[in-house]
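Student: What follows is a structure written as C-alpha cells; I'll ask about it next.
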Amino acid sequence: MAHSYWLDTPARFGLISRLLHWGMAGLFAWQFAGMGVRLLVGRSPVTAFMVGSHAPMGTLLLLLVLLRGAWGLANAGRRPPHGGSTVGRLAMLGHAALYGLMLVVPCLALLRAAGSGRGFSPFGIPLFAPFSGGPVGWMVAPANAAHGVLAWTLLALVAGHVAMVVVHRRLWRDDVLARMAGPLAATPGDARP
C-alpha cells in the first residue's frame, strides 16, 4: 500500500514532519539571531524589532514543539529508526535533549511572564492578565537564572545536530538529510514489512 506524502515512513519523514522541523528551524534562527544582534549591537531599532518579537515567537515555538511532539508520537511506528548501534543510541539521546530543551526553555519564559505581574498577550491573545501584586519571585527567579543559559545550550545542541548531518553525509556517506529534505515520493523502502 502506498503511503501518503503527509505521513512519515521508515525511509523518510513526511510533509507534516518536515514543515514542523523546518518551520521551527527558521523560528529558532530568528530567535537566536535577535539575541545575537542584541549582544553585538546593543540597543538599536533593529535590535528593538528583533527582540520585541522574541516572546511571541517563543510562545509560537512552544506551541509548535507540542504539536511536533504529538505528531512524532502519532508517527512513532512509522518514522525512520535511529538504529540500535552506539551511534543510533547517541542520536536518540541527542534528539531527546533537543526536545527537552525546546520544551523547558519557553516554559521557563512563560513562568516568568506569568509571575511578572505585567500580563502577557502574544499576538494579542491574553495568556496572563496583569495583576497588581507585583512580581512573584518564585515564578520569575527560575527563568532569570536558567532561560538564557539553557537557550544557549540549546543552540550548541542544534549546532551539534547540524554538524552530525555533515558527518553523516561527508564521512559516513549515509546522507540522513535526505530523510528530512529529500524527495517525498514513495520508494520501495517505504513499504512496511
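Student: So which residues in region 77-130 are touching a residue at least 40 places away in the same chain (Cβ under 8 Å), in a loop (DSSP other than H, G, I, E, B) and open to solvent by less than 40 Å² (accessible area, probe 1.4 Å), if there are any at all?
Tutor: The answer is P80, and nothing else.
Student: Open to solvent by 50 Å² or more (accessible area, probe 1.4 Å) and either among the aliphatic types (A, V, I, L, M) or under 28 Å from A185 (Cβ atoms) (or both), is that true of V51?
Tutor: Values: open to solvent by 50 Å² or more (accessible area, probe 1.4 Å): no; either among the aliphatic types (A, V, I, L, M) or under 28 Å from A185 (Cβ atoms) (or both): yes.
No; evaluated as a whole, the condition is false for this residue.
Student: Now for a different question. Mind checking which residues of region 59-76 are touching a residue at least 60 places away in the same chain (Cβ under 8 Å) and either crowded, with 18+ Cβ neighbours inside 10 Å or assigned to a helix (DSSP H, G or I) (or both)?
Tutor: The answer is T59, L60.
Student: Need the failing condition index for T153 against (1) within 21 Å of the chain's Cα centre (by Cα); (2) open to solvent by less than 50 Å² (accessible area, probe 1.4 Å); (3) among the β-branched types (V, I, T), just the number.
Tutor: (2) is the only condition that T153 fails.
Student: How many of the residues in region 161-175 are in a loop (DSSP other than H, G, I, E, B) and either more than 16 Å from L90 (Cβ to Cβ) or open to solvent by less than 80 Å² (accessible area, probe 1.4 Å) (or both)?
Tutor: Qualifying residue count for the region: 3.
Student: So which residues in region 131-150 are outside any loop (DSSP other than H, G, I, E, B), among the hydrophobic types (A, V, I, L, M, F, W, C) and surrounded by 14 or more Cβ atoms within 10 Å (Cβ to Cβ), if there are any at all?
Tutor: M139, V140, A141, A143, A146, L150
Student: Another question, then. For region 17-47, name all the residues that are more than 16 Å from L98 (Cα to Cα) and open to solvent by 50 Å² or more (accessible area, probe 1.4 Å).
Tutor: Answer for region 17-47, where residues must be more than 16 Å from L98 (Cα to Cα) and open to solvent by 50 Å² or more (accessible area, probe 1.4 Å): L19, W30, R38, L39, L40, V41, R43, P45, V46.
Student: Now, a different point. Within region 29-44, how many residues turn out to be part of a helix (DSSP H, G or I) and either at pLDDT below 90 or in contact with a Lys or Arg (Cβ under 8 Å, 6 or more places away or on another chain) (or both)?
Tutor: To start, the set of residues in region 29-44 that are part of a helix (DSSP H, G or I) comprises 29-41.
With the extra rule that they be either at pLDDT below 90 or in contact with a Lys or Arg (Cβ under 8 Å, 6 or more places away or on another chain) (or both), the set shrinks to none.
Matching residues across region 29-44 total 0.
Student: I'd like to check something: does region 176-191 contain any residue that is closer than 18 Å to R12 by Cβ, exposed (fewer than 13 other Cβ atoms within 10 Å of the Cβ) and of a type in the set (D, E, K, R)?
Tutor: The answer is no, given that none of the residues of region 176-191 is closer than 18 Å to R12 by Cβ, exposed (fewer than 13 other Cβ atoms within 10 Å of the Cβ) and of a type in the set (D, E, K, R).
Student: Write out, first by first residue and then by second, each pair whose Cβ atoms fall under 9 Å of each other, whose residues are 6+ apart or on separate chains, and whose first residue, in region 15-33, is closer than 15 Å to M180 by Cα while the second is among the polar types (S, T, N, Q).
Tutor: L15/S4; I16/N75; S17/N75
The values are calculated or read from the model by the stated rules, or taken from the named source; none is laboratory data. Model, not experiment: these values are computed from the prediction. A quick note on method: Cβ atoms are made from the backbone with ideal geometry, for glycine too, and the neighbour counts reach across all protein chains shown. For the accessible areas, the whole protein counts, side chains as well, though only heavy atoms, and no ligand, DNA or RNA atoms are used. Shrake-Rupley method; radii C 1.70, N 1.55, O 1.52, S 1.80 Å.
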